[in-house]
Amino acid sequence: MNSVIPVLDPASPQAEAINNLFLLVLLISAVIFAIVTGLILIAISKGRRRQTLPDQDFGSEKAEIAWIVGPVVIVLWLVAISANLVITLNAIPDVKPHGDQDVDDVELIVTGHQWWWEVEYPKAGVISANEIYIPADPKKKYRILVKSDDVIHCFWVPQLGPKIDAIPGRDNYIWLQANQPGAYQGRCSEYCGAQHAWMNFKVYGVTEEEYQKFLLREQQKPEPTKLISPLAMAGREYFFKATCPRCHKIEGTSAQAMIGPDLTHFASRKEIGSGVLENSTENLTRWLKDPQAVKPGCKMPNFKLSETNLKQLVAYLETLK
Ligand code: CUA
C-alpha cells in the first residue's frame, strides 16, 4: 500500500480531513493565482498596444478597501478552518480503543533515537523497534506518547495524518488511527543528523484479533536454546561473549541494555536498520559485516567479525522470532 505521493492517499479519517483542507487551500490559491496572472496578462497585452500612459488613480479609497478586506477575509477564514481541524484532530474520541481508559493511559510509547524508533506497548509489557502494530478501525483512535532520547525528531505517517515532534525531556501525544488493514510508511520529518533519511518505520494496521496475537507473540521469551541448531548455539555463545549485550536487549537473557534496538523478536521484524534493508539472511549478514557501510554514522561500529562468527551470529539472530 505504498503510494507514490502518500499525503494524497489518506488512509485514516484524520488524514482525509488534512487532505481535504489541503485541497481546499490549493483550490483557493489556484483561483487567486488565475485571477492575478489573468489580470497581469490582460494588462500586458493591452498596454503593449497603447502608446500613452494609462490613468494614474492614486488614492482610490474603494480599490484600497477592496484589496485589504478581500485578502483579510480569505486569510481569516483559512485560519478558522485550520484551527478547527487541529481541534478536531486532537479531540478525545468517543470510542476508546480498549474500554474505559484514561486519556493519559496510552496504548503506545514511541521514542526517537538517532536513527531508529523504540516502540513500547506499556500495558502488554512489550518493547520492539521500527514496526508499530495497531488494530485498523476508523472508529477508534490510539493515543501515542512520543518522546526522544537524544535530539529532536518528528513522528509522521503521511497516510495516517498528523505529525508530532519528538522532543527530549518533553512528552508529546498524538492520536493514530487507520481505516483498514495495511502497511503505512512512517518517516522522521525533522532533520536529526546524518541518517535522518533512514529513520523510517512502518505502521501495520491489523485486525483486532491479529493485534492480540501479535502482542501474545511479542510477550513470549525466545525459544529455549536446546531447540536451536549448533550453528545458532555457537552464535548465541558468541553474542554474549562479544560486546552485543552492552547495547542490546534480549528478554529472558542477561542482555538488558537499551542503547540499540531491542532484539527479543528481531527475526519477526520485516526490516533492518530502521527501514534501510529488508530483513533477510543476506542483508543481515551485510549489516553485521559492516553496519557503517550500510548506514554511515549509525551507532553500531564495524566489529570486523570473522566469517565464522558472522555466520553464527546471523544464525542465532534468526532464531529470535
Ligand atoms: Cu530523526 Cu530525523
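The values are calculated or read from the model by the stated rules, or taken from the named source; none is laboratory data. The model shown is predicted, which means the values in this text are computed figures rather than measured ones. Note that we place each Cβ from the backbone using ideal geometry, even for glycine, and neighbour counts take in every protein chain shown. Please note that ligands, DNA and RNA were not included when accessible areas were found on the heavy atoms of the full protein model with its side chains. Shrake-Rupley method; radii C 1.70, N 1.55, O 1.52, S 1.80 Å.
Points worth noting:
- Residue match in the stretch 191-208 (condition: part of a loop (DSSP other than H, G, I, E, B), away from the ligand (no atom under 16 Å from the Cβ) and open to solvent by 80 Å² or more (accessible area, probe 1.4 Å)): no
- Annotation: of all residues in the stretch 296-321 being in a loop (DSSP other than H, G, I, E, B) and small (Gly, Ala, Ser), the one that is surrounded by the most Cβ atoms within 10 Å (Cβ to Cβ) is Gly297.
- Some residue of the stretch 34-46 being within 30 Å of Gln159 (Cβ to Cβ), in a helix (DSSP H, G or I) and modelled with pLDDT of 90 or more: no
- The condition of being more than 17 Å from Ala242 (Cβ to Cβ) and not in a loop (DSSP other than H, G, I, E, B) holds for Ala267.
- Odd one out for Trp156 among (1) open to solvent by 40 Å² or more (accessible area, probe 1.4 Å); (2) of a type in the set (Phe, Trp, Tyr); (3) farther than 25 Å from Leu23 by Cα: (3)
- Only listed residue being farther than 21 Å from Lys241 by Cα and over 23 Å from the mean Cα position of the chain (by Cα), chosen from Lys304, Lys321, Lys289: Lys321
- Selection within the stretch 165-181 - in a strand (DSSP E or B) and either within 11 Å of the ligand (Cβ to nearest atom) or surrounded by fewer than 17 Cβ atoms within 10 Å (Cβ to Cβ) (or both): Asp165, Ala166, Pro168, Asn172, Tyr173
- One residue from Ala234, Ala267, Ala293 being in contact (Cβ under 8 Å) with a residue 60 or more places away in the chain and open to solvent by 20 Å² or more (accessible area, probe 1.4 Å): Ala234
- Close pairs from the stretch 190-211: first assigned by the TED database to the domain that holds Tyr121, partner in a helix (DSSP H, G or I) and within 16 Å of the ligand (Cβ to nearest atom), Cβ under 8 Å, at least 6 apart: Glu190/His196
- Annotation: Ala242 fulfils all but one of (1) among the hydrophobic types (A, V, I, L, M, F, W, C); (2) within 20 Å of Val119 (Cα to Cα); (3) surrounded by fewer than 20 Cβ atoms within 10 Å (Cβ to Cβ); the unmet one is (2).
- Residue check, Thr281 more than 19 Å from Trp115 (Cα to Cα), open to solvent by 60 Å² or more (accessible area, probe 1.4 Å) and touching a helix residue (DSSP H, G or I) at 6+ places or on another chain (Cβ under 9 Å): yes
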